[in-house]
């Protein structure tokens, strides 16, 4: 069982379960060793991580709560997340050294994947490799499944997206425009609002932090009301949207997961509008729609190659930068999809 | 234009827009006159009201709010609601004296209906006439449309109904049982809980006023969780249900309309469960499903005649009793569907 070359393996470890907003000190850098060969007969795969994804849902795995759709991290263990990686060694028939893969991996330089079936082989094609954790990964697919399958959009409808420049929101808005909708986005800085209007093709956008009254802002952008709300934030924005929904409107509930830990939320007060306007409000996870993943990849690659879609990334360099990048998600520090470049391709 | 016999016409008038919980003094009895003949060429119909319906949604029409699905009452005018009536005189080709009808009418002895098209001719058959404002009327149809069209129920699923002995809830529970579901109801008195278990066929029931913790009560009744929640109340019960929903559960939002006027509601805190459990929450109004009304009537009459469905009414005698009966809805005084008998058939 023993033997073989070893390499240094830097890792980001969760120190313990956390309450409130994540801090950099909730995580720490450790340096271990990784064997460069897999055990024969193990069907496992050793990968070198190139890009790691920082996603808000990961906050949900940092608390001691076992009723969620995904179990918590183990304190003291390496943080797990989506990544793009290169196969170093493989005992699995589907993978060989040099293959590029995406899937769940560790926040470390090298990861031994026991269940290689969850890895997806990827081609580099004409699309940046890192897009496989963003545009072509879980966030992009969340946008795709949520918009087409949950929002039931129709051409000409009025669509609102919160956290609109984020990993999910930026694609929702562009898909909605391609679908013939009128699209407005909200974000938290002037720079993001400019991106929405000038780069991502939104019809209108506003900085929610500069609006004294969200209801007034929404009525200004949607004098006729909102047909579809792609909700990435919950809270006060959701409450303001509820009173601006049109008859038979739809709300796709996507991004409140990061609020799970906030025990003293303000609460949503305007749910009676669901009745008066006959609104459907639906929570979803992209993982329920995986049968659509192949068509999603084809369609998005096609749009991208035709120049109909762009994707904004916020790239941090080095595994050491991962904790700060992750923490930054919760103050809106990232502009676009937050990615960590661990190693060059 | 003038001439013809006149009769005394007692009326219940809304004194002014109200805030908070309705009080008897928000309404007053007036005695006017009604002509016993309709004007020729008017296509109007004069009806004598036999039964009037007290429904919580009417509270929504007592406030000065014009954005709802139905306009407010005019202060100083006769209250409007569903009723069962007999035609006294008609200038409309579809109706003749002696016909029994149901539809929107006034809280008075005689009502002149200008738009007779909204009246529905009814047969007395073997079903109590008053059921046409309950089991076979708007509340019954709300239960029917909400359960079959919004809840998407499947045999063997776990169904929870709040305000379960009320005009809507009691039918939802019985339809769910006939559909092969496990059904639990909540109500606010021991007597109502007994009715649910012993007369209405619910598998289990509890008095929410005697439960120190609604979450504990729900977990006791649904150790495996809730697939379908027919929500007649909103508020704290909805919040407790949210954390007990099963994967891909559905919540039909029906009864928060009466809370519209409560400006300082506590708020709903557990909406993130919509995501983790992928729950669809949908507001609805029966009026969106009127194409199903004929099949509803056939099916419910059939069930009733086969003894598969019962319906509990709370019958008050005399128009004078209407304000107290209406006010009683908001403290749960009524047991079953609240009806006012204005005149004998």
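The values are calculated or read from the model by the stated rules, or taken from the named source; none is laboratory data. In this text, all values refer to a predicted model and were calculated from it rather than measured experimentally. Counting neighbours? That spans all protein chains shown, and the Cβs are built from the backbone with ideal geometry, glycine included.
Within this structure, residue B:226 passes the test of being more than 13 Å from chain A (Cβ to nearest Cβ), in contact with a helix residue (DSSP H, G or I) (Cβ under 8 Å, 6 or more places away or on another chain) and surrounded by 16 or more Cβ atoms within 10 Å (Cβ to Cβ). Say whether the condition of being within 14 Å of chain A (Cβ to nearest Cβ), farther than 20 Å from residue B:316 by Cα and free of Cβ contacts under 8 Å to residues at least 24 places away in the same chain is met by at least one residue in region B:92-100. The answer is no; no qualifying residue exists. Applying the condition of being assigned to a strand (DSSP E or B) and surrounded by fewer than 24 Cβ atoms within 10 Å (Cβ to Cβ) to region A:229-251 and asking which residue is nearest to the chain's Cα centre (by Cα) yields A:250. Inside region B:252-267, residues that are buried (at least 22 other Cβ atoms within 10 Å of the Cβ), at pLDDT 75 or above and either at the interface with chain A (Cβ under 9 Å from one of its Cβ atoms) or assigned to a loop (DSSP other than H, G, I, E, B) (or both) make up a count of 2.
Going by the structure shown, is residue A:46 out of contact with any helix residue (DSSP H, G or I) (no Cβ under 9 Å at 6 or more places or on another chain) and either in contact (Cβ under 8 Å) with a residue 24 or more places away in the chain or not assigned by TED's automatic domain parsing to the domain that holds residue A:21 (or both)? Lay out the reasoning, then the answer.
Values: out of contact with any helix residue (DSSP H, G or I) (no Cβ under 9 Å at 6 or more places or on another chain): yes; either in contact (Cβ under 8 Å) with a residue 24 or more places away in the chain or not assigned by TED's automatic domain parsing to the domain that holds residue A:21 (or both): yes.
Here the answer is yes, as residue A:46 does meet what is asked.
Being closer than 16 Å to residue A:204 by Cβ, touching a residue at least 12 places away in the same chain (Cβ under 8 Å) and assigned to a helix (DSSP H, G or I), is that true of even one residue in region A:159-166? No: zero hits. Out of all the residues in region B:304-321, is one or more free of Cβ contacts under 8 Å to residues at least 40 places away in the same chain, assigned to a helix (DSSP H, G or I) and over 27 Å from residue B:28 (Cβ atoms)? Within region B:304-321, none of the residues are free of Cβ contacts under 8 Å to residues at least 40 places away in the same chain, assigned to a helix (DSSP H, G or I) and over 27 Å from residue B:28 (Cβ atoms). Scanning region A:186-207 for residues that are more than 21 Å from the chain's Cα centre (by Cα) and either exposed (fewer than 15 other Cβ atoms within 10 Å of the Cβ) or in a helix (DSSP H, G or I) (or both) yields a total of 4. Note on region B:268-290: residues that are over 23 Å from the mean Cα position of the chain (by Cα), within 7 Å of chain A (Cβ to nearest Cβ) and in a helix (DSSP H, G or I) total 3.
Scanning region B:273-305 for residues that are over 30 Å from residue A:234 (Cβ atoms) and surrounded by 22 or more Cβ atoms within 10 Å (Cβ to Cβ) turns up just one, B:300. Scoring residue B:335 on the criteria (1) assigned to a loop (DSSP other than H, G, I, E, B); (2) within 13 Å of chain A (Cβ to nearest Cβ) leaves a single failure, condition (2).
Out of all the residues in region A:27-40, which are surrounded by 19 or more Cβ atoms within 10 Å (Cβ to Cβ) and closer than 17 Å to residue A:74 by Cα? Spell out how you get there, then give the answer.
Looking only at region A:27-40, we keep the residues that are surrounded by 19 or more Cβ atoms within 10 Å (Cβ to Cβ), and these are A:27, A:34, A:38.
Answer for region A:27-40, where residues must be surrounded by 19 or more Cβ atoms within 10 Å (Cβ to Cβ) and closer than 17 Å to residue A:74 by Cα: just A:27.
Listed by first and then second residue, the pairs with beta-carbon distance under 7 Å, at least 6 apart or on different chains, first residue in region A:109-135 and farther than 28 Å from residue A:6 by Cα and not assigned by TED's automatic domain parsing to the domain that holds residue A:319, second surrounded by fewer than 19 Cβ atoms within 10 Å (Cβ to Cβ) and modelled with pLDDT under 95, form an empty list.
Tally the residues that are away from chain A (no Cβ under 14 Å), without any contact (Cβ under 8 Å) to a residue 40 or more places away in the chain and surrounded by fewer than 22 Cβ atoms within 10 Å (Cβ to Cβ), restricting the search to region B:49-86.
Pass one, region B:49-86, residues away from chain A (no Cβ under 14 Å): B:49-54, B:58, B:62, B:64, B:73-86.
Those still in the list that are without any contact (Cβ under 8 Å) to a residue 40 or more places away in the chain too: B:80-81, B:85.
Next, only the ones that are surrounded by fewer than 22 Cβ atoms within 10 Å (Cβ to Cβ) stay: B:80.
Within region B:49-86, residues that are away from chain A (no Cβ under 14 Å), without any contact (Cβ under 8 Å) to a residue 40 or more places away in the chain and surrounded by fewer than 22 Cβ atoms within 10 Å (Cβ to Cβ) number 1.
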